[in-house]
Structure formats: structure tokens, C-alpha cells
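The values are calculated or read from the model by the stated rules, or taken from the named source; none is laboratory data. On a predicted model such as this, the values are computed, not experimentally measured, just so you know. Glycine also receives a Cβ, built like all others from the backbone with ideal geometry; neighbour counts cover every protein chain displayed. These area figures cover heavy atoms from the full protein model, side chains too; ligands, DNA and RNA do not enter into them. Shrake-Rupley method; radii C 1.70, N 1.55, O 1.52, S 1.80 Å.
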Number of protein chains: 2
Amino acid sequence: MSHSVYGRLMSVDRTQVLRAAAALLSRKATATMDEVARAAGIGRATLHRQFAGRDALVRALEELGLQELEAAQDRARTDEGPADEAVRRLVAEVEPVAPLLSFLVTENQLFEGDQQNEGWARLDARVSDLFRRGQEEGTFRIDLTPAWLTEALYGLIGSGAWAVQDGRVAAKDFQYMIVELLLGGARRSVEK
Amino acid sequence: MSHSVYGRLMSVDRTQVLRAAAALLSRKATATMDEVARAAGIGRATLHRQFAGRDALVRALEELGLQELEAAQDRARTDEGPADEAVRRLVAEVEPVAPLLSFLVTENQLFEGDQQNEGWARLDARVSDLFRRGQEEGTFRIDLTPAWLTEALYGLIGSGAWAVQDGRVAAKDFQYMIVELLLGGARRSVEK
DNA sequence: ATTGAGTGAGACATTGATGTCTCATTCGGT
DNA sequence: ACCGAATGAGACATCAATGTCTCACTCAAT
């Protein structure tokens, strides 16, 4: 039957195409299907055979992003140890997915009406729980709601990703800048 | 010559159209020219007479936004008094323009190549100067660069605007959430 | 009442991206 | 060497938004 060990027949590696698409669309959100195809090194027809249309491509990209983000959360073990250290680990693990995350978040707030993937709710809930846990443990202040802290985390990651892309912030400082601002704020504090 | 005191004849108030466009595009960035026209209560033809095309509209919107942002900076007197209080005033003054600012920032990072309005540079410089001043006065930590703090401020304002729009954060908490996180961070500190 | 600038509605052409299809070619499996 | 699945390139139709134009109408100024 000529099926390879990968369950697919000599075909273009779907995941590889998705990664190329993610890399391109994260930089240029308005890239055309043709550009995506060329970026992935395949023909436009083939791209269309893999993904019914632009919507399908974006939704697949969303799946990929959500998977990687959940995996990042797992690796960060956000429910273990001190909450602030967990946040640190989370940002570190999420960094590689930051540009894609930024793209998907923007894409999401564009199309409002259409129901959105429930994966985001799960993701939000987990991040939110982390901040809540930190509050209950007395590590985080309680006057900033977990929902806002979650939102702010996404925002800072997005800003960080763009700042790095534009060269306004060194890539090596990405984690530090985000975590320090999120946790410690800009004001000079007594401690440390 | 029948010119009115407003220098224009009975025509649609350009600024009013721009405000309507800003309100719509801030919520739905992909709104069509026809939608913008209807939102402004005018015909599509008239909209076209006022703004050569979509690009021209966006550029005019950019002008408006930059004007209002500079005005907000002026009112906030960002070069007076303690830096942290200046930041507080700045966020308060910028709040009404937040959705538009968010739209313009997103729009800007979409079209990369084309030279961007120098107004942004002026704006960035002023915000950046504020943070730098805070650092020199010993109010702000010096391990977070002014460039990053500026970027982060934009990001948080954008996140805040969306969070309010989606009802995840109460409108009345907008300023507080942003300023407190930006200045104080999430971690519970000894002071206060 | 007359005038004319400004307008809204709609017809129309244009443009750019999308989606579909065909066909010759490539390449792995046999 | 052969076979067939999968591909790349390109032709083609479609679709949505844009931009242009015409024309009848409104309304303020006179």
C-alpha cells in the first residue's frame, strides 16, 4: 500500500508547512496564500490540497499554537512551587511560541462573532489559576484580578515579540524584560 | 463665495467622520469602506470624496491619533513632578484614545516596509524620556530599558482596551490596572 | 424663486486574492 | 523499468472590496 512509516505517502510534511506558515504570518499577518506556499517551499495547489482555504490554514495554525502552548504550560509545571517562579518558567517555555501566540491573539480579536476555539478558554483558565494561586499564597497582590494579569501577560509577550523582531530589544533579554516587569513592575522597590 | 465660518461649505464634518471611523475600526479593524461610511452616517461616495482611499483614511486617522496623543502628553505634563506620578497622569489622559492607539499600533506593525509617520518617533521619544528621567531620579529601576518600558506601556494599554471592550475588565478599572501593573508589578511588595 | 455646491444611491470597471481544475513531471515503492 | 500517488505550474472562474462616474436631489445662500 506504499504507506510510509509516517502514515502519509511521500506527501509534504503538514507540520513543516504549518511551521513555515507560522513563521511567515507571525511577521506579516497579511501574507497571501501564494506567499505562504512559497515560504513553505511548495506550490500553491499543494497548499490548497492540505488546507481547504485560508480559514482552514489559520485554524490549523491555531491548533498547532494551542498544542505548543499547552505543552509549554505542562513543561513549566505551573501548578508547582512558588507562583512567581512558575511565571518565570512559563514565560521561558512560551518564548519560542511568542510570535505565533501574538499572531493568533490578534487574529482572534479581529473575528469577534465566530465562536472561538475552546482551547483558549482552557489556556486562559490555567494562567488565571496560576495568578490566583499566587494571590492565595500571598505572593501576588490581590488588587489586580487574575483575568487582567492573564491579559497583561499576553500583551507583554506580544509586545516583547515585536520589540525583539524590530530589534528594539535584544532577543536574549526577552524573558527577563517580560518577567521582571510583570512581577516587579517599573518602580524601584525596597527589596532586592 | 459662500464659505461658512468653518471654511467649508455645509460639507460633512471631516473630523466627525474620522471619529466615527476611529470608533468602528478600533472595534473591527477589517471594516470595509462601506461600513465606515454607514457608521459615519454618510454615503460611500462622500467618504471617497473626503479621503482618496482606504490608505488615505488610515493615514488621516493616524494624524488624528497622533494629535490627540501629543495633546494627552501635553496635558499630562510628563516632564514635571515625580516620574511615577507623571506616568499615572499620562495613562489617565491617554485612556480615551486607547482603542484608537491600539488600532494604529497594530496597523503599523502590519505594513512594515513603508516609511512610517515621524510622529511616532516623537511620541516614543517623549515616553522614553519620561522613563529615563524616572531612572535618573532613582524612581525607576535601571535594568529595564526605557525602550522596553515604552513598548510595554503601549502593549498594556492595548491589552487594557481590549479587555475592557470584551468586558473582562471593568472600564473604571482601566487606569488602575495598567498603572499599578506597570509601576508596581504583580508581586506583592513590602512597601504599601 | 433661483442657483449651485455638496450629497446619497447606485451602476460600472478594476484589482487582488481565492478557490478549482488540468496536465506534465517527479519520485518512491515495487 | 514500471506504476501510480503527489506535486508544481499555470489557466481559469469567482468573489469581495475598491475606486470612478453619473444623476437626481437637498439645502443654504442669495
- [ ] Quick one: which residues, 5+ away or cross-chain, put their amide H under 5 Å from the amide H of residue A:140? H built at 1.01 Å from N.
- [x] A:135, B:188
Task: All Cα pairs of the range B:33-130, percent lying beyond 16 Å - done: 62 percent
- [ ] Give, in nm to one decimal, the length gained when the segment between residue A:107 and residue A:48 is fully stretched (0.36 nm per residue of separation minus the Cα-Cα distance).
- [x] 19.2 nm
- [ ] For the range B:14-106, calculate the relative contact order in percent as a whole number, restricting contacts to Cα pairs under 8 Å that are 6 or more residues apart.
- [x] 30 percent
- [ ] Run the 1.4 Å probe and let me know the accessible area of residue A:24, rounded to the nearest 10 Å².
- [x] 20 Å²
Task: Accessible-area ranking of A:180, A:35, A:80, largest first, probe 1.4 Å - done: A:80, A:35, A:180
TODO: Give me the percent of Cα-Cα pairs in the range B:114-188 that sit more than 17 Å apart, rounded to a whole number.
DONE: 54 percent
Open item on the list: Angle check, please: helix B:98-110 long axis (alpha carbons) against the longest principal axis of chain B (alpha carbons), in degrees 0 to 90, nearest 10.
Closed with: 80 degrees
Open item on the list: Are there any GluC sites (Glu not before Pro) in the range B:104-169 that are in a DSSP loop and have at most 11 other Cβ atoms within 10 Å? List them by number.
Closed with: B:112
Open item on the list: What do you get for the angle between helix B:118-136 and the principal long axis of chain B? Use alpha-carbon atoms, 0 to 90 degrees, nearest ten.
Closed with: 20 degrees
TODO: Sort out the exposed loop chymotrypsin sites (Phe, Trp or Tyr not before Pro) in chain A (DSSP loop, at most 14 other Cβ within 10 Å) and tell me the longest stretch that has none.
DONE: A:7-110
Open item on the list: Tell me the carbon and sulfur percent of the accessible area for chain A, rounded to whole percent, probe radius 1.4 Å.
Closed with: 51 percent
Open item on the list: Between helix A:174-184 and chain A, what is the angle of the helix's C-alpha long axis to the longest principal axis, kept within 0 to 90° and rounded to the nearest 10?
Closed with: 30 degrees
Open item on the list: With an 8 Å Cα cut-off and a minimum separation of 6 or more residues, compute the relative contact order for chain A in percent.
Closed with: 18 percent
Open item on the list: Test of understanding: what is the full-extension gain from residue A:120 to residue A:38, defined as 0.36 nm times their sequence separation minus their Cα-Cα distance?
Closed with: 26.5 nm
- [ ] Hey, can you find the accessible area per residue of chain A for me, probe 1.4 Å, expressed in square angstrom?
- [x] 50 Å²
- [ ] May I ask you to find the residues of the range A:124-146 that are shielded by at least 50 Å² of accessible area once the whole protein assembly is considered instead of their isolated chain (probe 1.4 Å)?
- [x] A:141, A:144
Task: Loss of accessible area when B meets A, both sides summed, Å² nearest 100, probe 1.4 Å - done: 4300 Å²
Open item on the list: Can you pull out the trypsin sites (Lys or Arg not before Pro) in the range A:48-119 whose DSSP state is coil and whose Cβ has at most 15 other Cβ atoms within 10 Å?
Closed with: A:77
Open item on the list: Stokes-Einstein diffusion coefficient for chain A at 37 °C in a medium of 0.692 mPa s, Rh from the Kirkwood formula over Cα pairs: what value in µm²/s?
Closed with: 179 µm²/s
Open item on the list: Once ligands and nucleic acids are excluded and a 1.4 Å probe is used, how much of residue B:55 is accessible, expressed in Å² to the nearest 10?
Closed with: 110 Å²
Open item on the list: Under 16 Å from a point placed 7 Å out from the Cα of residue A:170 along the Cα-to-Cβ direction: which residues of the range B:139-174 have their backbone N that close?
Closed with: B:142-149
- [ ] Quick one: check the C-alpha center-to-center distance for the range B:79-99 versus the range A:30-53, whole angstrom.
- [x] 45 Å
Open item on the list: Please compute the modelled spin-label separation between residue B:142 and residue A:80, points set 7 Å along Cα→Cβ, answer in nm with one decimal.
Closed with: 3.9 nm
- [ ] Mind pulling the per residue volume of the convex hull built on the Cα atoms of the protein assembly as shown? Å³ is fine.
- [x] 171 Å³
